[in-house]
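Rule-based calculations on the coordinates, nothing more; no lab input. This structure is a prediction, so every number in the text was calculated from the model and none was measured. All Cβ positions, glycine included, derive from the backbone under ideal geometry; neighbour counts span all protein chains shown.
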Amino acid sequence: MNSSDSDRTFRVAVLSVVKHDYMARAVAAHPRTRLTVVADDPDRPHWVHERNAKFAQEFGVPYVRDVEQALADYGCQIAVVSSEAERHCDLSVRAARAGLHVVQDKPMSTRLSECDRLVEAIQQSNVKFMLWNRNRLPSLNDARIAIQEGAVGKPYAFHIDFHFAKDAGPPKGSRAADDPPLDWLDAQIAAHADGSDGGVGREPMGELQVEGIYPLAYLRMLAGVEVRRVFARTTSHFHQLHADNNVEDLATVTLEMDHGMLATLSIGRIGAASHPEIGEIKIHVLGSEGALVISEARPEVGVYYRGQPAKEFRDRRVAEDLDYLLVDDFLQAIDTDGDTILDAVAGRSICAVIAAALESGRTGTPVEVK
């Protein structure tokens, strides 16, 4: 890499921004990027075009209702994809085939076949891909360094609690028996106002698909090995939306990994009444010479003041540059032709673990990861 590479500015195309827009904002905020155009397919429903147009207007860039035209006409080098989940891979494949590097929202896809199609497109086009993650949080960086430096000896077991204290509509059992089932997409569109629309799309998704990428990416980074077999228990325990759509809001997973390593995961959308803050997110590591417990939120500070809204979180994360660090890592990978922190192959592996866990939850048997 020479100095001109590290100074290069990248033009960014946002391909749909109907989910949380924090990812597109994070990429746009980096000093080496310039948000240039927002685009989507013309056949999308009104609510999709409305969100896309609003975001484009805020940043003072065009909104083009034709993805291929936008990729051809605006000279962008990076695409940011944050569409409905089932469209993630298709938009990323089209961007990669047009020669753009891709930053994509999670989940990678709801289908392994789509993940495979994306991996192939990324490799054939020789572009960089990063699946959005949380691996650059301060606590995770410190844990990674501590394990690499031998603080616990040789790790052999992990446990991760990943519980989000967010609601998803009415509690399970709170509706009348003759009420019609809650529609998944309608509920996600309505939840957008308070940021609780984690599983945007027509296909219902439980917490393993919506949030499982985060703890499994932690495990992949800290353990450095592949998961080979899983056993899971899944249920819709908290929310009527999940029960009506036959997807889990709570799951436990046992994971058998290479070199005899083991891990367990407890994950769920546990409801706002279950925890005073955002939720319980911790990683436990057992090693031959000791143990390590990582609280994902640290460092944090409690903030209290008169007139504070009842639903405002008191604990605030500090010294946290996750968005900048993820984007900076991605740009460095482009500059140096290096690896991204969570590339397409890694993303596909995580989706395969989740698919196996969902199958195990349905069948009640251990399932090999494909």
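Here are the numbers for the structure shown:
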quantity: Dimensionless Rg ratio for the range 223-302, taking C-alpha atoms and the 2.2 N^0.38 Å reference; calculated: 1.35
quantity: Footprinting exposure proxy for Val303, Val253 (fewest neighbouring C-beta atoms within 10 Å first); calculated: Val303, Val253
quantity: Net length gained if the chain between Asn126 and Arg32 were fully extended (0.36 nm per residue, minus Cα distance); calculated: 31.7 nm
quantity: Dipole of the chain, positive end: most advanced residue of Pro62, Ser139, Leu216 [Cβ charges, Cα centre]; calculated: Ser139
quantity: Among Leu118, Leu131, Leu185, residue whose mean-square fluctuation peaks in a GNM of the chain (springs only between Cα atoms under 10 Å); calculated: Leu185
quantity: Theoretical FRET efficiency, 1/(1+(r/R0)^6), r = Cβ-Cβ of Asp186 and His20, R0 25 Å, to 0.05; calculated: 0.85
quantity: Taking Ser349, Ser82, Ser360 and counting other C-beta atoms within 10 Å, the order from fewest to most; calculated: Ser349, Ser360, Ser82
quantity: FRET efficiency, Glu368 to Arg306 (Cβ-Cβ, R0 51 Å, nearest 0.05); calculated: 0.35
quantity: Residues Trp47, Trp132 arranged by fewest to most Cβ contacts within 10 Å; calculated: Trp47, Trp132
quantity: Model label zone, Arg228; criterion: amide N under 12 Å from point 7 Å along Cα-to-beta-carbon; scope the range 246-273; calculated: 256-262
quantity: Pairwise FRET efficiency - Asp194 versus Glu58, Cβ, R0 = 22 Å, nearest 0.05; calculated: 0.70
quantity: Positive minus negative residues near Asp186 (Lys, Arg vs Asp, Glu; Cβ under 13 Å); calculated: -2
quantity: Approximate shape of the range 20-62 as ellipsoid semi-axes (Cα gyration tensor, √5λ), whole Å, largest first; calculated: 21, 10, 9
quantity: Glu277 paired with Asp43, simple spin-label distance in nm, labels 7 Å along Cα-to-beta-carbon; calculated: 4.7 nm
quantity: Alpha-carbon centroids, the range 295-356 and the range 16-62: separation in whole Å; calculated: 20 Å
quantity: Debye-sum result for the range 125-224 in log10 I(q)/I(0), which assumes one identical scatterer on each alpha carbon, at q = 0.16, 0.19 Å⁻¹; calculated: -0.87, -1.03
quantity: Ratio of Rg to Rh over the range 3-127 (Cα coordinates, Kirkwood Rh, two decimals); calculated: 0.95
quantity: Over 28 Å (Cα to Cα) - which of Lys106/Lys370; Lys172/Lys282; Lys106/Lys128; Lys172/Lys370; Lys128/Lys282 fall in this group; calculated: Lys172/Lys370; Lys128/Lys282
quantity: Taking only Cα atoms of the range 138-368, radius of gyration then Dmax in Å; calculated: 19.0, 60
quantity: Partners for Lys311 among aspartates and glutamates (Cα-Cα distance below 20 Å; same-chain residues under 8 apart left out); calculated: Asp167, Asp194, Asp197, Glu277, Glu280, Glu300
